Amino acid sequence: MHCEHMRFYGSAMPFPHVQGAFRELLVCDAAQCEAVPGDIPYEELALCEPLSVVLHAMNRVGPLLGRRVLVTGTGPIGALAVAAARHYGAREIVATDVMPEPLAVATRLGADRTIDVAADPGALAGYAAGKGTFDVLFECSGNEAALRGAIPAMRPRGKILQLGIAGGEVSVPLNVIVAKELAILGSFRFHAEFALAAELIGSRRIDLKPLLTRTYPVEEALAAFEAAGDRRHAMKVHLAFA
C-alpha cells in the first residue's frame, strides 16, 4: 500500500475494535484501495488478501530463485505459498497435507510433488538423506507434527517460515535447529504486499483460479459457510451480492 499505515477491517487487535467489511456498503480511505482492470471477477480479486499474506512471507524469507521449497499444509495459505514460490522461481516445490483433495489443488498451482502424510507417514524420510534437501520450509498448518516431521528434511542453514498458527504452544527439536543452524521466521499479515497482490491478480501474471471452489448467492450464505468448512470439497468459497 502507499499509505503509512494499513487499517485491517474486522480486526480485534486495536481498541476500539475495527468493524468488518461484511456489509452492503463500505466507505474506506482511497489509500486503502488499489485500481485493477474492470474485467477481473470479484472471486479472483477476493484472493488479494490471502495472497498478500503469502507475499509478505516471501519477503520475510528472501529470494527463492533456484531454491528447493517444502510447504506443509495446503489449505488456502499453503496452496497460495505453492503458487507464489513457483512465481518467484523455486527450483522444486514439494507440498504435504493429510488429505488428497487440497493436494490436488496444490498440484494445479505448481507443486512438483505432493505427499499425503496421513496415507504415507514416512514419505518425507527420503528427503532427510545426507544433510537434508530443502532450503526453505513454509509451515502453513500450525501443527507440531508437521514442523517436527519437516525439520530433518531441511538443509543446514535453511529457513523455516512459520505461517500456520497453532491452537497452543508447540515444542520443537531445539538441538537439531542449533546443529543445522536453521533460522525460524514468523510472518503475520502484510502491508505493502497488498498493492503487489492486486497487480499480480489484476494483470493475470499469477493464475489463482484453481483455488476457487464455488460462488454462492448471498441468499445461500448458510450453505456457503457449511461448504467452506469442508476441507475435502472446498478451498475458497465466494459469496456474491447481486
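The numbers here are math on the coordinates, done by the rules we state, and not lab data. Computed from a predicted model, the values in this text were never measured in an experiment. Positions of Cβ are generated from backbone atoms using ideal geometry, with glycine treated the same way; all protein chains shown enter the neighbour counts.
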With a sphere of radius 14 Å drawn around the Cβ of I160, what net charge do the other residues whose Cβ falls strictly inside it have (Lys, Arg +1; Asp, Glu -1)?
+4
Least to most buried among V69, V61, V36 (fewest other Cβ within 10 Å first):
V36, V61, V69
Number of Lys-Lys pairs in the chain under 22 Å by Cα, sequence gap 8 or more or different chains?
4
Taking a ≥ b ≥ c as the square roots of the eigenvalues of the Cα gyration tensor of the stretch 59-187, is the shape rounded (a/c under 1.5), prolate (a/b larger than b/c) or oblate?
rounded
What is the fewest-to-most order of F190, F138 by other Cβ atoms lying within 10 Å of their Cβ?
F190, F138
Taking the Cα of L26, stepping 7 Å toward and past its beta carbon, and measuring to each backbone N in the stretch 55-88: which are under 15 Å?
none
Assigning unit charges at the beta carbon (Lys, Arg +1; Asp, Glu -1) and nothing else, what dipole magnitude in debye, to the nearest 20, does the chain show about its Cα centre?
960
